[in-house]
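A.B. asks: Take this structure, written in structure tokens, and hold onto it; I'll ask about it next.
The values are calculated or read from the model by the stated rules, or taken from the named source; none is laboratory data. Every value quoted in this text rests on a predicted model; they were computed, and no experiment measured them. Neighbour counts are summed over all protein chains in view; Cβ atoms, including those assigned to glycine, are modelled from backbone coordinates with ideal geometry. Please note that ligands, DNA and RNA were not included when accessible areas were found on the heavy atoms of the full protein model with its side chains. Shrake-Rupley method; radii C 1.70, N 1.55, O 1.52, S 1.80 Å.
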Amino acid sequence: KLGAYYTDPDHARRIGNLFDFDTAQEICVLEPSIGDGRAVLETVGKRKNVKTYGVEIQEETYRSCLADNDNFTCILNEDFLRGVKISHGSFSFCFANPPYGEQKEDEQARRLERLFLDRIGLYLKTGAYLAFILPFYVFTEEKMFRRILEKYEICGYYRFDDEVYKKFNQIVVILKKKRNGGYLRSVFEEEYHKALKIQDYPYLPDGETALADRYHVLE
């Protein structure tokens, strides 16, 4: 639809089950390519303590699905990479399934997934979680992997069910924003070696994750 491939509600719900959204008194959520909005709502639920902000570039989708939708705190009909002004360090959770592919910038082609990753990082608080959906082959590009480790702790990664995975090679990586950037070479070598083994990725659990095992989203 309009060149967009939305996260299906079942996988979005299962991603949401990995997190505890109920401990914090108020959580601000960012969705930088929100589409019709269903995926992020399935992820965070319609909780009173969650305020959801989104950006959608397609005007038709914005008007038909998002404008005046009471489930969202604020939706911008803009280009997330070029057309938004958002306060830095404002969000404690982000759900992102950005466009896949390359964009020419300064006569160089850069992956859209990396451009979104860099921009999202500006708006997250230290300790904020990012549920980042991207193809396995992009996640395991060495430059991309190094970029992730520079700014985030990799908390876990999960593959989508086989029927969906064979179409887009989709995985979801759970990242936590670091206070200080950088990483040790030994950490890179260990993490990268593990990340290359797609056969070891668990499927997203179907059902409630034990509360003790969830990622606790804070204010």
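A.B. asks: Residues being farther than 13 Å from Leu130 by Cβ and touching a residue at least 40 places away in the same chain (Cβ under 8 Å): count how many of those fall in segment 171-203.
C.D. replies: Residues flagged as farther than 13 Å from Leu130 by Cβ and touching a residue at least 40 places away in the same chain (Cβ under 8 Å) within segment 171-203 amount to 10.
A.B. asks: Separate question: Report yes if Tyr129 is outside any loop (DSSP other than H, G, I, E, B) and either surrounded by 15 or more Cβ atoms within 10 Å (Cβ to Cβ) or in contact with a Lys or Arg (Cβ under 7 Å, 6 or more places away or on another chain) (or both), otherwise no.
C.D. replies: yes
A.B. asks: With (1) open to solvent by 40 Å² or more (accessible area, probe 1.4 Å); (2) in contact with a helix residue (DSSP H, G or I) (Cβ under 9 Å, 6 or more places away or on another chain); (3) within 24 Å of His11 (Cβ to Cβ) as the list, and Gln103 as the residue in question, which single condition is left unmet?
C.D. replies: Failing condition for Gln103: (3).
A.B. asks: Just to be sure, is Leu149 closer than 18 Å to Ser33 by Cβ, open to solvent by less than 20 Å² (accessible area, probe 1.4 Å) and either without any contact (Cβ under 8 Å) to a residue 24 or more places away in the chain or not aromatic (Phe, Trp, Tyr) (or both)?
C.D. replies: Answer is no for this residue.
A.B. asks: Within segment 89-126, count every residue that is farther than 23 Å from Asn17 by Cα and in a strand (DSSP E or B).
C.D. replies: Count: 8.
A.B. asks: So which of Gly83, Gly54 is assigned to a loop (DSSP other than H, G, I, E, B) and of a type in the set (Gly, Ala, Ser)?
C.D. replies: Answer to the selection: Gly83.
A.B. asks: Name the pairs: first residue in segment 115-136 and among the charged types (D, E, K, R), second residue open to solvent by less than 10 Å² (accessible area, probe 1.4 Å), Cβ to Cβ under 6 Å, at least 6 apart or on different chains?
C.D. replies: What qualifies is Lys125/Ser92.
A.B. asks: Now a separate question. Could you list, in sequence order, the residues of segment 40-60 that are open to solvent by 10 Å² or more (accessible area, probe 1.4 Å) and small (Gly, Ala, Ser)?
C.D. replies: Hit for segment 40-60 is Gly45, nothing else.
A.B. asks: Restricting attention to segment 87-103, does a residue exist that is touching a Pro at 6+ places or on another chain (Cβ under 8 Å), of a type in the set (Ser, Thr, Tyr) and either at pLDDT below 95 or within 18 Å of Ile120 (Cα to Cα) (or both)?
C.D. replies: yes
A.B. asks: Related question: From the list Thr43, Thr73, Thr23, which residue is over 29 Å from Arg159 (Cα atoms) and in contact with a strand residue (DSSP E or B) (Cβ under 7 Å, 6 or more places away or on another chain)?
C.D. replies: Every option except Thr73 fails the conditions.
A.B. asks: Can you name every residue in segment 208-217 that is open to solvent by less than 50 Å² (accessible area, probe 1.4 Å) and within 22 Å of Lys125 (Cα to Cα)?
C.D. replies: Result: Arg214, Tyr215, Val217.
A.B. asks: Any idea which residue in segment 163-207 is modelled with the lowest pLDDT, counting only those that are farther than 25 Å from Phe116 by Cα and surrounded by 10 or more Cβ atoms within 10 Å (Cβ to Cβ)?
C.D. replies: Step by step, filter segment 163-207, then rank; the result is Asp206.
A.B. asks: Follow-up. For segment 1-16, enumerate the residues that are at pLDDT 95 or above and open to solvent by less than 30 Å² (accessible area, probe 1.4 Å).
C.D. replies: His11, Ala12, Arg14, Ile15, Gly16
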